[in-house]
Amino acid sequence: MLELSNVTKAYPNGSVALNQVNMLVERGEFVFVVGASGAGKTTLTKLLLREEKPTSGKIAINGKNIAKLRPHEVPYLRRSMGVVFQDFRLMPTWTVEENVAFAMVVVETAPRLIRRRVAEVLELVGLANKHAQLPSQLSGGEQQRVALARAIVNKPMLLLADEPTGNLDPETSWGIVKLLLDINSTGTTMLMVTHAKQIVDTLRKRVVELESGCLTRDEKCGIYHG
Amino acid sequence: MVKPRTFGYFFESAGKSLVRNSWMTLASISTVAVSLLVLGIFLLVAVNINAVAANVEGQLQVTAHLATLSAAERGRLETEIKAIPGVTEVRFVPQSEAWQRLLEWYGDNQDFLAGWEEENPLRDSFEIRADVSHRVPEIAAAVTVLAGVEEVLWGREIVEQLLAITRMMRLVGIGLMVALALAALFIIANTIRMAIFARRREIGIMRYIGATNWFIRWPFVIEGLVLGLLGGMMAASVLAWGYYLAVRALVQAIPFWPWVQPWPFLQQLALLLLSIGVVIGILGSGLSLRRYLDA
């Protein structure tokens, strides 16, 4: 599903954000990526989204090396995965429904199908009754649910969650995590970058730790600090 | 290639964005309108100045006074004058007509001319016009040397000064025009850039979701088109209405002045302003987007 081989990313200023990282994620896995700030977690998500190219090494998603993608192919890579960020990244002037529907408009789904699927996904994240509201009228947890709905509306194979609970209180965080588990249970591969010790320690999923750009730990049923 | 219904989405999206960012929309339309209005006003002034210059220049002519010639000799001379490069019109003025003009010129004070009529002291002449005013001096020189021509009048000093003045007026007009057009372009393009800068986060989000560059670009380009069109329309209508009223009043105040008539000039001007608005709107948003899109 996802394979990193000897991935190194050095920025022009000389700092090495990732150093010879190797990692293999199977279809349907749930993986936590942990590590201190500056360990290279953000760089990893940027590489997976092809916002940055690796300096060397290979990143394969479903066997395709995304480092070699041509610029016009990048949007199609991004469509194959769902992304959720710490700061939600919703369109401020669009309603909940429009925000979610946009991911389907981009891939030119028929309007009839869009309406049906958006209603379905909003139901799933528990926001069916708030479909016409603007993000500013929602709580942080609700906004993250909208972002999550948008990320899964096209049924991606891989969901990339970059500190999805970073801005949320513990209780709301658990709500989001339960949704992520539900999504994972339908077969979606999950890569969650996080600082939430309690969540990682409770779920006992696979944990990958980065330290100064190097992959220092990879445990099947890990905890936050090994 | 996008599906036709996706184009429907682009228009819908552009429309929604124009309404939802109404403050920015209003600011952009006003900026376009004011810039184009200033440009338009100046164009009106420049075109009128040019019309005055052309009018004055059009009245320049060379007058050749003739010796006493037979009809055949006169005909030959006329053919020779017409052959001079740049001559567009040669008109024969017999001495009787010249006398009549003199009488009209003096109007009620023509008493002192009485008694001269019998032995009309004036001569026959040719009045010669040039295709372009700056050729008047060379035509005058060419006519002077022809047989049968006694004297050539063309107001050397006046003509030369006048031509210098009209040339100056045109140069200054064109210079200011260009400067103003550039300023308008810059202001409009900058407004659009700011509007897009304000929405760079939205553009970033669209990219994460997998929107292609053209998918992101289309609604913005349509928005730019609408802003440019509305701004241009406002500028054009204010200008057309204002000029129409102004000319109506001015024609009565200074009837002999060669005012450029509103029709069809205003139509051309309106079309010009609209085109500028639309083109800058489209190019401005299309180009400003580039830096926020994938390479």
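The values are calculated or read from the model by the stated rules, or taken from the named source; none is laboratory data. It should be emphasised that the depicted structure is a prediction, and the values quoted were computed from it without experimental measurement. Cβ: placed from backbone, ideal geometry, glycine included. Neighbour counts: every protein chain shown. SASA here: full protein model, heavy atoms, side chains in, ligands and nucleic acids out. Shrake-Rupley method; radii C 1.70, N 1.55, O 1.52, S 1.80 Å.
Measure off 7 Å from each Cα along the Cα-to-Cβ vector at A:Ser37 and B:Ser237, then give the distance between these two points in nanometres to one decimal.
Spacing of the two 7 Å Cα→Cβ label points: 5.5 nm.
Relative contact order for the range A:90-155: what is it in percent, counting Cα pairs under 8 Å that are at least 6 residues apart? Walk me through the numbers on the way to the answer.
Numbers: 70 pairs, mean separation 33.8, N = 66.
Computed over the range A:90-155, the figure is 51 percent.
Please give the helix A:96-106 orientation as an angle from the longest Cα principal axis of chain A, in degrees from 0 to 90, rounded to the nearest 10.
The answer is roughly 60 degrees.
What distance in nm separates the simple spin-label points at A:Ala132 and A:Lys197, each placed 7 Å from Cα in the Cβ direction?
Reported label-point gap for A:Ala132 and A:Lys197 is 4.6 nm.
Please give the net charge around B:Gly148, taking every other residue with its beta carbon less than 13 angstrom from that of B:Gly148, where Lys and Arg add +1 and Asp and Glu add -1. Before the final figure, lay out each step's value.
On the way: positive: B:Arg74, B:Arg76, B:Arg123; negative: B:Glu73, B:Glu78, B:Glu80, B:Asp124, B:Glu150, B:Glu151.
Surrounding charge for B:Gly148 is -3.
Taking N as the number of residues in the range B:61-153, what is its Cα Rg relative to 2.2 N^0.38 Å? Write out the running numbers ahead of the final one.
Numbers: Rg = 14.6 Å, N = 93, 2.2 N^0.38 = 12.3 Å.
This ratio for the range B:61-153 stands at 1.18.
Given H placed on each backbone N at 1.01 Å, which residues far from A:Val83 in sequence or on other chains put an amide H within less than 5 Å of it?
Amide H neighbours of A:Val83: A:Leu160.
What is the helix-to-structure angle for A:170-185, meaning the angle in degrees between its Cα long axis and the longest Cα principal axis of chain A, kept from 0 to 90 and rounded to the nearest 10?
On a 0 to 90 degree scale, this one is about 80.
What is the extension gain from B:Ala249 to B:Gln95, computed as 0.36 nm multiplied by their sequence separation minus the C-alpha to C-alpha distance, in nm to one decimal?
Details: separation 154, 0.36 × 154 = 55.44 nm, distance 4.16 nm.
Result for the pair: 51.3 nm of gain on full extension.
Restricted to Cα positions, what overall size does the range A:90-155 have along the principal axes? Three whole-Å values, descending.
The Cα atoms of the range A:90-155 stretch 30, 22, 17 Å along their principal axes.
How well do other chains shield peptide B:209-220, expressed as the mean number of their Cβ atoms within 10 Å of each residue Cβ? Can you show the working numbers first?
On the way: counts 18, 16, 8, 7, 4, 2, 5, 2, 0, 0, 0, 0.
That works out to 5 on average.
With point charges of +1 on the Cβ of Lys and Arg and -1 on the Cβ of Asp and Glu, referenced to the Cα centre of the range A:1-109, which listed residue (A:Gln20, A:Asn62, A:Met104) lies farthest in the positive direction of the dipole?
A:Gln20
Compactness ratio of the range A:146-188: Cα Rg over 2.2 N^0.38 Å, N = residue count? Each step should come with its number before you reach the end.
Numbers: Rg = 10.3 Å, N = 43, 2.2 N^0.38 = 9.2 Å.
Output field value: 1.13.
For chain B, what does the relative contact order come out to in percent, with C-alpha contacts under 8 Å and a separation of six or more? Provide the component values of the computation, followed by the final result.
Numbers: 334 pairs, mean separation 87.7, N = 295.
With pairs under 8 Å counted, the relative contact order is 30 percent.
Restricting to Cα pairs below 8 Å that are 6+ residues apart, what does the relative contact order work out to for chain A? Please round to a whole percent. Intermediate values should be presented prior to the final figure.
On the way: 423 pairs, mean separation 62.7, N = 226.
That works out to 28 percent.
Along each of its three principal axes, how wide is the spread of alpha-carbon positions in the range A:106-226, in whole angstrom units, largest first?
Reported extents, whole Å, longest axis first: 48, 28, 24.
What value, in deg cm²/dmol to 500, does the helix sum -39500 (n - 2.57) over DSSP H runs of n ≥ 4 give at 222 nm once divided by the residues of the protein assembly as shown?
Details: 16 runs with 282 residues, N = 521.
The helix-only estimate for the protein assembly as shown comes to -18500 deg cm²/dmol at 222 nm.
Using only the Cα atoms of the range A:48-164, each taken as one equal point scatterer with no solvent, compute I(q) by the Debye sum, divide by I(0), and report log10 of the ratio at q = 0.13, 0.14, 0.15 Å⁻¹.
-0.53, -0.61, -0.69
In square angstrom, rounded to the nearest 10, how much accessible surface does A:Thr93 have for a 1.4 Å probe?
Only protein atoms counted, so the area is about 40 Å².
If Rh is defined by the Kirkwood formula over all Cα pairs and Rg also comes from Cα, what ratio Rg/Rh do you get for the range A:13-81? Walk me through the numbers on the way to the answer.
Numbers: Rg = 12.6 Å, Rh = 13.3 Å.
My calculation puts Rg/Rh at 0.95.
What ranking, highest mean first, results for peptides B:100-110, B:116-126 when packing means the other Cβ atoms within 10 Å averaged over each residue? Don't jump to the answer; show the numbers that get you there.
Details: B:100-110: 10.3, B:116-126: 13.8.
In decreasing order of mean packing, B:100-110, B:116-126 become B:116-126, B:100-110.
Using the Karplus equation 6.51 cos²θ - 1.76 cosθ + 1.60 (θ = phi - 60°), what ³J(HN,Hα) coupling, rounded to whole Hz, does each residue of the range B:40-46 give in order, writing x for Gly and Pro?
Those phi angles translate into x, 4, 5, 4, 4, 4, 4 Hz.
Calculate the translational D of the protein assembly as shown in whole µm² s⁻¹ from Stokes-Einstein, where the hydrodynamic radius comes from the Kirkwood formula applied to all Cα pairs, the temperature is 4 °C and the viscosity 1.567 mPa s.
Details: Rh = 29.9 Å.
For the chosen part, D equals 43 µm²/s.
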